[in-house]
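Working notes, beginning with the structure itself.
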Amino acid sequence: MSARTLPLLFLNLGGEMLYILDQRLRAQSIPGEKARKDEWTDVDRKRVMNDIISTMFNKKFMEELFKPQDLYSKKALRTVYDRLAHASIMRLNQASMDKLYDLMTMAFKYQVLLCPRPRDILLVTFNHLDAIKDFISDSPGILNQVDETFRRLIETYNCLSDGEFQLIRQTLLIFFQDMHIRVSIFLKDKVQNSNGRFVLPISGPVPWGTEVPGLIRIFNHKGVEVKRAEFTTAGNYVTPQREGSFELYGDRVLKLGTNMYSVTRPVETHMSGSSKNLASQAKENIAPKPLAKEELNFLARLLGGLDIQKPTGGETGFRLNLFTTDEEEEHAAQTRPEELSYKVINIEATQEPGRRAELVRILGELEVAEPRPGSAEKGEDLLALMDGL
Amino acid sequence: GVPSLRPYRRERSLTLRSSSSALYNNLAVLCPPARPPAFGAVHGTTLSLLGNEGPPRQLQARGGGSALSTPLLTQAAWCELPSRVLLVLTSQRGVQMYESDGSTMVFWHALDVPEHPAAHSVFARGIAAAGGRFICVGTSFGAVLVFDIPPKGTNVTLSEVLEQHRDPITDIAAEQGQAPDGAGDLVTADDSGTLCLWSTGEEFTLLGKIPGSGSTCSSVRLWNGIVAAGYGNGQIRLWEAGSGRIRAQVSAHARWIYALDLAPLTGKLLSGAEDSFVHVWKLSRNLDTDDIEIQHCHAECVTDTQVCGARFCDRAGDTFAVTGYDLSEILCYGPA
């Protein structure tokens, strides 16, 4: 319902995606189609991160994103992340892309649910951006782009009222409704139950601006306090120490939105989410309705801002697997429950010929005009490309 | 006197076809005399109805037009008037009114929705029957629409637009008991926490305004000249409607309050919040000092659930029902 929700949704999901990709890139070497000496090196990983981040924070893209608009469907948004994940030399199979998106969405759902105040969603966003700036700390050009977006966020959101933030939060919760995919790292940390629902603690610090429950104060008709009473409940709350910073730099205090993955804590999901709650989610995913005009416009605008790199020489660049083995990835693709399939939009297959031509034209314009060095080569060429970013 | 401290216990749950959305006051209850109650909860674009007769039913938000998505509902409530009961739905597009079983649409009012989304969201929210004759509905512009309802038929007219709020309306409540002189019989609340007190009639009169103090008032009730208001910072405040003075302040919840309800026969107050708790309180007036008192009666923790709706199911407050975000049930509680 809030027309200001999309930037927060996009940036936080993007942030989670980068955490996951970074962890997988560090943890995994890619066999196969590359020259034999090649493994994922730091250079490759940074290249991928730089490419994706600079695409994500493209100026024109950000301008479109920040325009007041309704949230669009899960399908449309998923397609954007598909393109974003492929903004570099890295390739993901459908099964890995599905898993990536599951993890991203469940992580942000968790963060939104557990935010003490609706306004704290902004702190979560800042946590993601702080981490993103760390990923590209060596590239001043991209750093500038991110800072620009940071400033735009501050300008757009710092002045909103609590009520408006709650509306944004409610809009996000409607988007995430009925998603109960189980995430291993959440299950292990006991922040998610085995039925896929998140644990909501009834202890800890109360939100900034809220008092610890328990006090009743009675005032007489002159406004003078005449009585105090207390009540107790099962909750075990304490006063918070300090408020997080909403400035460009500062201690956010809140841990939600910081990177919970590390090389030793791999990303996994369980796909056995066969509860009846999926029925409502299934309705949205399965119904094959043609893209509405607005949805196509949205995609065209966003994709118009993306600089998609195509790998040359062969159909794959470096492939990233979000599972531990190729067999696991293959198995996941075959056994993914129908109701959880994202049915990524095939943009060419629209029903409006005019619109199709328009999108194809836009996509065509995104073709890399100059010949690029073969991505199979390492060393100098990659460095040269990085310098060119 | 000593409030009735009989505890409550969890009874059966009712299954909803879809889970409830995180919206303020997201539980509608109709308690016809000598019949089981009917319930309604909003899920995105639909209202799930559990009637006392017949199979469950779903109502859709109206007014999709050429837009990508069907508009989202914000709230639903049964409005009981002397001559009839109407079921009212509010959405991003406007106001829908149905016969109380949801079978027939009686009236549709479209909000002025701009062609391109403006920075400020557009929606209707806040529903109450008032003055034995009107249904009041709030808007995100801060305006309160007053609809004049005929005893039967579809000839509903927009009688007045009240423009005293500058922020989106959150909730509206009519006097459920006896208003003292000069206290007004309607209260409207908004995002900034501002409360307006009105006297209803052919023309509504603004009797007083209680300014907000930095926290959203998400839910409000009016009983015997006492305004009970629930806030985003977890506080419940009781105000004297006539004077606009604060009479009680409770640090009731650790998170944003989403729902309040009041049982008019006993003065019991129910509060539900994002902190997973539902509390039952007892309001009373000390006849000697004329102070308004509030005591805590009972607490329920709905594990791992952010409560979004809470309502008594009888006028004495012996039973109540609760909804939560992502929960596909209505939880019912009764006397232990």
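Some notes on this structure:
- Odd one out for residue B:55, checked against (1) surrounded by fewer than 17 Cβ atoms within 10 Å (Cβ to Cβ); (2) touching a Leu at 6+ places or on another chain (Cβ under 6 Å): (2)
- Test: residue in the stretch A:110-117 that is part of a helix (DSSP H, G or I), crowded, with 22+ Cβ neighbours inside 10 Å and of a type in the set (Ser, Thr, Tyr): no
- Restricted to the stretch B:122-139, and to residues there that are of a type in the set (A, V, I, L, M, F, W, C) and assigned to a loop (DSSP other than H, G, I, E, B), the residue that is farthest from residue B:220 (Cα to Cα) is B:122.
- Restricting attention to the stretch A:204-222 and to residues that are within 7 Å of another protein chain (Cβ to nearest Cβ) and among the small types (Gly, Ala, Ser), the residue that is nearest to residue A:252 (Cα to Cα) turns out to be A:209.
- Note on the stretch B:278-307: among residues that are of a type outside the set (Val, Ile, Thr) and farther than 27 Å from residue B:241 by Cβ, the one that is farthest from the chain's Cα centre (by Cα) is B:304.
- Looking only at residues of the stretch A:90-147 that are over 27 Å from residue A:323 (Cβ atoms) and hydroxyl-bearing (Ser, Thr, Tyr), we find that the one that is modelled with the highest pLDDT is A:125.
- Of all the numbered requirements in (1) more than 14 Å from chain A (Cβ to nearest Cβ); (2) closer than 24 Å to residue A:159 by Cβ; (3) at pLDDT below 95, residue B:202 misses one, and that requirement is (2).
- In the stretch B:117-149, the residues that are farther than 20 Å from residue B:191 by Cα and surrounded by fewer than 15 Cβ atoms within 10 Å (Cβ to Cβ): B:132
- Boolean, residue B:255 is among the charged types (D, E, K, R), touching a Leu at 6+ places or on another chain (Cβ under 7 Å) and at the interface with another protein chain (Cβ under 7 Å from one of its Cβ atoms): no
- Pairing each residue of the stretch B:83-94 that is closer than 15 Å to residue B:156 by Cβ with any residue that is buried (at least 24 other Cβ atoms within 10 Å of the Cβ) and polar (S, T, N, Q), provided the two are 6+ apart or on different chains, yields C-beta distances under 6 Å for B:89/B:96; B:90/B:74; B:90/B:75.
- Hey, residue A:137 free of Cβ contacts under 8 Å to residues at least 12 places away in the same chain, more than 14 Å from every other protein chain (Cβ to nearest Cβ) and more than 30 Å from residue A:201 (Cβ to Cβ) or not: yes
- Test: residue B:236 is within 17 Å of residue A:215 (Cα to Cα) and among the aliphatic types (A, V, I, L, M): yes
- For the stretch A:220-236, the condition of being farther than 26 Å from residue B:234 by Cβ, at pLDDT 90 or above and surrounded by 12 or more Cβ atoms within 10 Å (Cβ to Cβ) holds for none of the residues.
- Look at the stretch B:155-178: where a residue is surrounded by fewer than 24 Cβ atoms within 10 Å (Cβ to Cβ) and a partner is of a type in the set (Val, Ile, Thr), sitting 6+ places away or on another chain with Cβ atoms under 6 Å, you get B:156/B:149; B:159/B:146; B:160/B:146; B:162/B:144.
- The set of residues in the stretch B:236-262 being closer than 21 Å to residue B:324 by Cβ and not aromatic (Phe, Trp, Tyr) consists of B:236, B:252, B:253, B:254, B:255, B:257, B:259, B:260, B:261, B:262.
- Single match in B:102, B:132, B:44 (criterion: at positive phi and touching a Lys or Arg at 6+ places or on another chain (Cβ under 8 Å)): B:102
- Taken as a whole, the structure leaves residue B:30 outside the set of residues that are modelled with pLDDT of 90 or more and over 25 Å from residue B:334 (Cα atoms).
- Matching option when the condition is at pLDDT below 95 and either over 15 Å from the mean Cα position of the chain (by Cα) or over 24 Å from residue A:232 (Cα atoms) (or both), among B:254, B:241, B:248: B:241
- Residue in the stretch A:143-157 that is in contact with a Leu (Cβ under 8 Å, 6 or more places away or on another chain), in contact (Cβ under 8 Å) with a residue 40 or more places away in the chain and over 20 Å from residue A:251 (Cα atoms) present: no
- Scanning the stretch B:92-116 for residues that are of a type in the set (A, V, I, L, M, F, W, C) and more than 14 Å from chain A (Cβ to nearest Cβ) turns up B:95, B:97, B:105, B:106, B:107, B:108, B:110.
- Screening the stretch A:173-189 for residues that are more than 9 Å from chain B (Cβ to nearest Cβ) and under 30 Å from residue B:42 (Cα atoms) and picking the one that is surrounded by the fewest Cβ atoms within 10 Å (Cβ to Cβ) gives A:187.
- Taken over the stretch A:118-168, the criterion of being surrounded by fewer than 16 Cβ atoms within 10 Å (Cβ to Cβ), under 13 Å from residue A:246 (Cβ atoms) and not polar (S, T, N, Q) is satisfied by A:151, A:154, A:155, A:159.
- Scope the stretch B:91-105; condition surrounded by 16 or more Cβ atoms within 10 Å (Cβ to Cβ) and not hydroxyl-bearing (Ser, Thr, Tyr); matching residues: B:92, B:93, B:94, B:95, B:96, B:97, B:101, B:102
- The number of residues in the stretch B:274-307 that are closer than 20 Å to residue A:229 by Cβ, of a type in the set (A, V, I, L, M, F, W, C) and part of a loop (DSSP other than H, G, I, E, B) comes to 1.
- The stretch A:31-68, residues that are of a type in the set (Phe, Trp, Tyr) and at pLDDT 90 or above: A:57, A:66
The values are calculated or read from the model by the stated rules, or taken from the named source; none is laboratory data. The model shown is predicted, which means the values in this text are computed figures rather than measured ones. Using ideal geometry, Cβ is built from the backbone for each residue, glycine included, and neighbour counts are taken over all protein chains shown.
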